[in-house]
Amino acid sequence: MNPGNPDYRPDIDGLRAVAVLPVILYHAGFAGFSGGYAGVDVFFVISGYLITCLILRDMDMGRFSIQGFWLRRVRRILPALFLVIFATLAAFWPVYAPHQYLELGQSVLAQTVFASNIFFWQESGYFDSDAHVKPLLHMWSLSVEEQFYLIFPALLLVLTKFLASWRFTILVVVAIGSLALSVWGAGVEADAAFYLLPTRAWELGIGCLLAHKVIYRAATINTGAWANEFWAGLGLLGLALTVVGYDRTTPFPSFYALLPCLSTAMIIWAGRDSLSVVGRILACRPVVFIGLISYSLYLWHWPVLVLQRALLLEEPGTLAKGGVLILSIVLAWLSYRFVETPLRRNVAVFTNRRLMVGTVMAAALLVMAGTTIHMLQGVPSRLSDRALQLAAAGEERNPRRRECVWSKKSGHSGQSGQFSDDWFCRPDPTLAKAPPQLLIWGDSHADALQPLLDSLAREYGVESHFAAYSACPAVSGLDRVNEDASHQCREFNDYMVDYAIRKNIRDVLLISRFNLYTNGRDQFKQHLPPPLITADPAKGEASVASAQIDFKAAATAMITKLAQHGIRTYVVLQVPNFNIEPTGYGQKLALRGRSVAHKRPRREIQARQGFVLQTFSELARLGVVVIDPSDQFCDEQSCSPYINGRSAYRDEHHLSNYGAAQLRPSLIQVYSSLR
């Protein structure tokens, strides 16, 4: 609905402002907006309501056509969208590493065919730690709406023509089915439930059902002015509770999304005849202004925030974030004023024919750009040799990751929830099987070391068995407090202990990001939930003090049990962390023409390592041998993630292959003792 339309409701534009502002404040990392991501759900309800009102009124007047509907959607959505995508490709051209620019190009292709939600579902979760390097991640929601626009008008047309008397009932059943699928999916496949249309359709459906009631039943449902004040106030309270009460650990959408969606419906319903106090607040000009530019603001804000993080050497502070939000509002207004509005309203100049020709040409250019980026693997020729050398570290992955590392998202080797003696990785699977001498297990830090470990095993003729589980400390009897039931960390570690005993293995090697699980996060990425551990699987939270108590007790019990069966334990302590992302940080320095360097005082590394080192050192009486990798990255005073100008890390805490190779002298003692 546009200003000037007799059915125009300024309070709904104001409601758009209530939707978009929490989203951008959440994305910027401002405190107090931990549930701001639910603003997208508010948009879904508004979209479902407005689109259904438009279709039903056109149907009642006998002037609805699917072609005309889609042309209006193209005019409304694509010009600003394509502008932002082109600008994003240009802005990140000089600053992104090849693997990052490759993913950007692939996401451009996905969005051009309205499938970015499917692309990001396959790539990573919305709340994953690497989300801040994906400039088009926010466009997943646009793909959901675009897929809805392709399906819903045809469905409504069929229902109206053949099942008119059952139309509302069928839509209710579809919405309930989608909600049920969303609740089920949140516990089984959370990322799919978050990104995909079948588990989001009910949110748009609430708006659709509301539109039916407003158009056909509003006159017969006279709730009165005071009732409308109540519903509007309750709706605004529900949205506020969502924004401040939800966070990234809230299962979502699931039934938790009912709160923002029903709250939005209450506010829309309450303003159908006259504006309540809440409606008048939403209809005031400053709020409506933000609502009018909300689409462009949503498009611009995330690439600008990601670009800021890509350019700054440090995490942006409050003033820097505020400046970026102001810039986003300015870009949004320019986009609204000179792109959105002219193409939507000036039909005489931008005729349907010209619009479609321009749209097809722009889409073709984006497809060509995305395809070229994909074929050229991120166009590495954009960058200097020094920047490419640093970027290469960020692309290094264990080539055996898929077969050797278990994760809650992918399981292991196609299995789901079933650990087996058959899937352990051997250093040379082509050789005949022999009884294992060494069992290696850990989390993704063990994964980063596997190429080195396999090489040492082959060199020293050691039959080793390897298995890793992402985000799982290699100590039995523990769980991560912020992981859902699909994370089988406790089961994995219990299985590993049992396997070592059953197979009469002589030595075990534990490799994990131990400090994270016992101390919480360091200064870097503190906005993410604390990944502490607990011995009580029913416990939903833990403090550093309780995590350390549980860790010490569990480690002592596990190693005592292993020692009782004649098994010696080697422990590789966590590699130093530097509160930067070394490859990206080094690239930023290279772009500025500065030397690639960064140091952290060794005393800080030692302080963070202290508890875990003490815990395992006290178990030396049980044959524990502690391997501290810090000496490879530190001198007496300081530590650095760079060795000979190259990054020893592929991200903020995983070693690159080059960095892992530096640990060879420390790990030789394990393999030489097994000869």
Relative exposure of Ile55, Ile501, judged by other C-beta atoms within 10 Å (fewest first): Ile501, Ile55
Potential lengthening between Arg400 and Thr430 on full extension [0.36 nm per residue; Cα-Cα distance subtracted]: 9.4 nm
Point-to-point label distance, Ala597-Met61, nm (Cα→Cβ direction, 7 Å offset): 7.1
Pairwise Cα inverse-distance average, inverted: Kirkwood Rh of the range 10-378 (Å): 21.3
Burial order of peptide ranges 349-360, 504-515, 319-330 (average beta-carbon count within 10 Å, highest first): 504-515, 319-330, 349-360
DSSP-defined beta bridges in the range 423-557 - what % are antiparallel, rounded to 5: 25
Cβ-based net charge around Arg337, under 12 Å, with every Lys or Arg adding one and every Asp or Glu removing one: +1
Extension gain (nm, one decimal) between Leu262 and Ile151, 0.36 nm per residue minus Cα-Cα: 37.6 nm
28 Å Cα-Cα threshold exceeded, pairs from Lys503/Lys539; Lys525/Lys552; Lys321/Lys588: Lys503/Lys539
Ascending count of other beta-carbon atoms within 10 Å, so fewest first, for Cys472, Cys404: Cys404, Cys472
Fewest-first sequence of Val339, Val45 by Cβ atoms within 10 Å of each Cβ: Val339, Val45
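All of the numbers you see were taken from the coordinates with simple rules; none came from a lab. Since the structure is predicted, the reported quantities are computational estimates derived from the model, not experimental observations. Heads up, the Cβs are rebuilt from the backbone with ideal geometry, glycines too, and the neighbour counts pull from every protein chain shown.
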